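These notes concern the structure reproduced below.
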Amino acid sequence: MRTAAVALAAVSLTFTFAQPAQAAPAGLPGIDVSHWQGSINWTAVKNAGIKFAYIKATESTNYKDPRFNANYPNAHGAGVIRGAYHFARPNGDPTADGAAEANYFASNGGGWSADNLTLPGALDLEGSCTLGQAATRTWVRSFYNTYKARTGRDVVIYTSRSWWNACTGGTSEFAPLTPLWVASWTSASSPTMPTGFGGYTFWQWTDSGSVSGISGAVDRNVFNGSDARLLALANNTP
């Protein structure tokens, strides 16, 4: 994923992912997008076979993606199952703790409704890591609890093995609660999993994919299940 150019304070660890795989893995095809993709023709995206999309909504407690208000309804109108994601800033800023960021997200596009086309919101955890492992786990738990209280849904966690293991210590406390969206670009057969998770729901397998209706590179993903299971996740049904 790509983020806005927002300054980070006290950066202690920064993570990058490996080079992308070339072949698409098995699973229902999807994408994630932000303003970096510019104007998107969502009908063409749908006609290209894309089943779902995660769309950047917010970052920290003061930034809303400038393309969100176009992308989110236009994806819905084209019949693409879509969800919003929030780029996290767990950097020790007392004005941007987990609860504050979750509230900002839920109030600025990260809500949810059972309309056959809306996935639960996602928490994007990547990039710099400035808190200790215990404090990061507390931050994520605060975000999760607040988002759950606001929407009734478990937030999806997006992360890589390197970030999760270094920044949270590879905790398993969220595995029973949250669908995992794993970022792993090294293999088209299976993702490299963060410690503490037994399986994944979404897999981002490259950041340099191409899809009709989008100019330039786009992140490509797969859903680990059937169309019926994707719809069940959207509608919070068994």
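Name the one entry in Trp163, Trp205, Trp185 that is assigned to a strand (DSSP E or B), over 21 Å from Asn103 (Cβ atoms), open to solvent by less than 40 Å² (accessible area, probe 1.4 Å) and aromatic (Phe, Trp, Tyr). I'd like the intermediate steps shown before the answer.
Numbers: Trp163 fails: assigned to a strand (DSSP E or B); Trp185 fails: assigned to a strand (DSSP E or B).
Exactly one of Trp163, Trp205, Trp185 is assigned to a strand (DSSP E or B), over 21 Å from Asn103 (Cβ atoms), open to solvent by less than 40 Å² (accessible area, probe 1.4 Å) and aromatic (Phe, Trp, Tyr), namely Trp205.
Any residue at all in the range 121-131 that's modelled with pLDDT of 95 or more and touching a Gly at 6+ places or on another chain (Cβ under 8 Å)?
Filtering the range 121-131 for residues modelled with pLDDT of 95 or more gives 121-125.
Retained after the next criterion (residues that are touching a Gly at 6+ places or on another chain (Cβ under 8 Å)): 121-122.
Yes, that holds for at least one residue.
May I ask you to verify whether Asn145 is closer than 21 Å to Phe202 by Cβ and part of a helix (DSSP H, G or I)? Steps first, answer last, please.
Details: closer than 21 Å to Phe202 by Cβ: no; part of a helix (DSSP H, G or I): yes.
For Asn145, the condition - closer than 21 Å to Phe202 by Cβ and part of a helix (DSSP H, G or I) - is not met.
Of all residues in the range 47-66, those being open to solvent by 10 Å² or more (accessible area, probe 1.4 Å) and within 23 Å of Val222 (Cα to Cα) number 4. Among the residues of the range 122-132 satisfying the criterion of being in contact (Cβ under 8 Å) with a residue 40 or more places away in the chain and assigned to a loop (DSSP other than H, G, I, E, B), which is surrounded by the most Cβ atoms within 10 Å (Cβ to Cβ)? Taking the candidates together, the pick is Leu125. On the stretch given as the range 46-84, residues that are touching a strand residue (DSSP E or B) at 6+ places or on another chain (Cβ under 7 Å) and of a type outside the set (S, T, N, Q) total 21. Against the list (1) out of contact with any helix residue (DSSP H, G or I) (no Cβ under 6 Å at 6 or more places or on another chain); (2) of a type outside the set (A, V, I, L, M); (3) crowded, with 24+ Cβ neighbours inside 10 Å, the condition Asn41 fails is (3).
May I ask you to verify whether Val140 is aliphatic (A, V, I, L, M), open to solvent by less than 10 Å² (accessible area, probe 1.4 Å) and over 22 Å from Ala53 (Cα atoms)?
Numbers: aliphatic (A, V, I, L, M): yes; open to solvent by less than 10 Å² (accessible area, probe 1.4 Å): yes; over 22 Å from Ala53 (Cα atoms): yes.
Here the answer is yes, as Val140 does meet what is asked.
When you look at Pro73, is it open to solvent by 60 Å² or more (accessible area, probe 1.4 Å) and outside any loop (DSSP other than H, G, I, E, B), yes or no?
On the way: open to solvent by 60 Å² or more (accessible area, probe 1.4 Å): yes; outside any loop (DSSP other than H, G, I, E, B): yes.
When the stated conditions are applied, Pro73 passes them.
Table: residues versus (1) aliphatic (A, V, I, L, M); (2) out of contact with any Phe, Trp or Tyr (no Cβ under 7 Å at 6 or more places or on another chain).
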position	(1), (2)
Ala122	yes, no
Trp139	no, yes
Ala149	yes, yes
Tyr158	no, no
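So for the range 26-46 (the condition being among the charged types (D, E, K, R) and either at pLDDT below 95 or part of a helix (DSSP H, G or I) (or both)), does at least one residue qualify? Yes, because at least one residue in the range 26-46 is among the charged types (D, E, K, R) and either at pLDDT below 95 or part of a helix (DSSP H, G or I) (or both).
Yes or no: Ala102 without any contact (Cβ under 8 Å) to a residue 60 or more places away in the chain, closer than 21 Å to Asn69 by Cβ and crowded, with 18+ Cβ neighbours inside 10 Å?
Working: without any contact (Cβ under 8 Å) to a residue 60 or more places away in the chain: yes; closer than 21 Å to Asn69 by Cβ: yes; crowded, with 18+ Cβ neighbours inside 10 Å: yes.
Taking the combined requirement at face value, the residue satisfies it.
Scanning the range 47-70 for residues that are more than 18 Å from the chain's Cα centre (by Cα) and assigned to a loop (DSSP other than H, G, I, E, B), we see that the one that is nearest to Asp227 (Cα to Cα) is Gly49.
Return the residues of the range 159-183 that are among the small types (Gly, Ala, Ser) and within 17 Å of the chain's Cα centre (by Cα); say none if nothing qualifies. Explain how you work it out, then say what you get.
Going through the range 159-183, the residues among the small types (Gly, Ala, Ser) turn out to be 160, 162, 166, 169-170, 172, 175, 183.
If the condition is that a residue be among the small types (Gly, Ala, Ser) and within 17 Å of the chain's Cα centre (by Cα), then Ser160, Ser162, Ala175, Ala183 are the ones that fit.
Within the option set Thr58, Thr14, being at pLDDT below 95 and not small (Gly, Ala, Ser) holds for one residue only, Thr14.
The values are calculated or read from the model by the stated rules, or taken from the named source; none is laboratory data. All figures in this text were calculated on a predicted structure; none of them were measured in a lab. Here the Cβ is made from the backbone with ideal geometry for all residues, glycine too, and neighbour counts use every protein chain on show. Ligands, DNA and RNA are excluded from the accessible area calculation, which covers all protein heavy atoms including side chains. Shrake-Rupley method; radii C 1.70, N 1.55, O 1.52, S 1.80 Å.
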